[in-house]
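Report on one structure; see the data block that follows.
The values are calculated or read from the model by the stated rules, or taken from the named source; none is laboratory data. Predicted model only: the values in this text are computed from it and were never measured. As a convention, Cβ positions derive from the backbone with ideal geometry for all residues, glycine included, and neighbour counts pool all protein chains shown. Only protein heavy atoms, including side chains, enter the accessible area calculation; ligands, DNA and RNA are left aside. Shrake-Rupley method; radii C 1.70, N 1.55, O 1.52, S 1.80 Å.
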Amino acid sequence: MTGRAARRAERFRILLVEDDDGDALLVEELLHDTDMPHALTRCRTAADARRAVAAHPVDCVLLDLHLPDASGVETVQAIQADTRAAIIVLTGLDEPRAGVDALAAGAQDYLIKGKVDPDLMQRAVRYAVQRKQAERANADLQIGRLRAEENARLERGLLPEPLLSPGAVTASSRYYPGRAQALLGGDFLDVVQTGDGQVHAVIGDVSGHGPDAAALGVCLRIAWRALTLGGHRDQHLLHLLEQIHIAERTGSDLFATCTLIRLDPGARTLTLHLAGHHEPLLVTPEGTQEIAAAHGVALGIAPGLGKWPATTLALPARGALIAYTDGLVEGFADATGARLGVEGLLRIIDGIRTPDPGIHLDRLIAGTRTLNADRHTDDLAVLRLDWNADLPGGPHGPRP
């Protein structure tokens, strides 16, 4: 399309806010005398204009600065709070400073009544709309840059590098935000290995989304790592995490679910403590199944009263453990609105054939997201621990 054809295809939606019938008629005639395609709507008050732009978006507002319910700069402020349209103020001959003040308040241009011809009107509308579009694009770019920087900082805190010695156990993890361009939620995970060769892991989810939930998730993750390396274990560790959760949360309604995992590759045992969280999945050469484990209440629900019984089971010589947050299973499974659930998750896993843990997680998440088709929005985090007793660091090899 040529530039001239593109201009002909443009159709500007213009809102005229003017209580004086004579001045309104002059503006209408000026617009009519331009060759600019447009659709004009008129309002008499700032309140009517706010309702109009809320109901039907416009490209440009031609705004008189003296209305029955607003006057001067406050007129611009009253309108721009409800619209992303360009604003051109209409001033009188005896108001030399009014236009400049309006520009400082956020208007894109001003026109002096009685000194406007059709060409000037057309140029003013076109340039004001283009300037507003450029301003919005720059603002969106800046917001996106700040969001990306904030997400990167939070992600480093929520999803750290595992502290694992090379050996029989490896860790793989994935995180996906529930909404495009959303801030990270409160999903967190971590893995560390202590000097006795045991591998400790946590995966959790702070209720809610946004910076408060993410900050609390970072706090709990860092606290878990420090306390675990400091020798705290099991129920005592969860009581300490709950105390930190209560002290750091921004509202009494925030709670956190989590699973504590302790894997001993030498003894080939797994110990779990569930605080309101899903049971992990056990992957073996024979297939994948959900582990039957005892449950305890989420952190912050009943402060000081929580009981988190341990579940211990023997492990095969090689296999994997998959722990996840609820965003992985609460999406939709089909067009009927049924939720995926654990059974649906197991069906997806049964169809995945790859020895690579990272690719396995990618295909698992892709399968759930395809079925969900963006209908349910929640963050999801997945942690996979793989072990092989025949590798160095296993029961037949040197200890880390």
Under 12 Å from the Cβ of F255, count the other residues' Cβ atoms, weight Lys and Arg +1, Asp and Glu -1, and hand me the total. -2
Among E161, E286, E242, the residue with the largest mean-square fluctuation in a Gaussian network model of the chain built from Cα contacts under 10 Å is E286
I'd like the carbon and sulfur percentage of the solvent accessible area for the range 161-291, probe radius 1.4 Å, heavy atoms only, ligands and nucleic acids excluded. 51 percent
Using a simple charge model, +1 on the beta-carbon of Lys and Arg, -1 on the beta-carbon of Asp and Glu, nothing else, what dipole does the range 226-359 show about its Cα centre, in debye to the nearest 20? 320 debye
Degrees, to the nearest 10: 341-350 long Cα axis against longest axis of the chain: 70 degrees
Using the alpha-carbon centroid of each, what span in Å lies between the range 15-67 and the range 245-278? 60 Å
Charge sum, other residues only, whose C-beta stays under 12 Å from N372's C-beta, Lys/Arg counted +1 and Asp/Glu -1: -1
Taking a probe of 1.4 Å, how large is the accessible area per residue of the chain, in Å²? 48 Å²
Can you tell me the orientation of helix 357-372 relative to the chain, as the angle in degrees between its alpha-carbon axis and the longest Cα principal axis, to the nearest 10? 50 degrees
Here FRET efficiency (C-beta to C-beta, K113 to L141, R₀ 45 Å, nearest 0.05) is 0.80
Cα-based convex hull, the range 320-367, per residue volume (Å³, whole number): 78 Å³
Which of rounded, prolate or oblate describes the chain when judged by the alpha-carbon gyration tensor and an a/c cut-off of 1.5? prolate
Helix-only mean residue ellipticity at 222 nm for the chain, each DSSP H run of n ≥ 4 adding -39500 (n - 2.57), per residue, nearest 500: -12000 deg cm²/dmol
Quick check for me: using +1 on Lys/Arg Cβ and -1 on Asp/Glu Cβ, what's the dipole size of the chain about its Cα centre, in debye to the nearest 20? 1200 debye
Please say if the range 265-400 is rounded, prolate or oblate, where rounded means a/c under 1.5 for a ≥ b ≥ c the square roots of the C-alpha gyration tensor eigenvalues, and otherwise the choice is prolate for a/b larger than b/c and oblate otherwise? oblate
Relative to 2.2 N^0.38 Å, what does the C-alpha radius of gyration of the range 173-268 come to as a ratio? Two decimals please. 1.13
Direction-averaged shadow area of the convex hull around the Cα atoms of the range 9-101, nm²? 6.1 nm²
Helix axis angle, 21-33 relative to the chain longest principal axis, alpha carbon, degrees: 80 degrees
Mean Cβ count within 10 Å, highest first, over the residues of peptides 113-126, 257-270: 257-270, 113-126
Would you work out what percent of the accessible area of the range 297-342, with all protein chains in place, is carbon or sulfur (probe 1.4 Å)? 61 percent
For D326, project a label point 7 Å along Cα to C-beta. Then give me every residue of the range 196-226 with its amide nitrogen under 15 Å of that point. 204-209
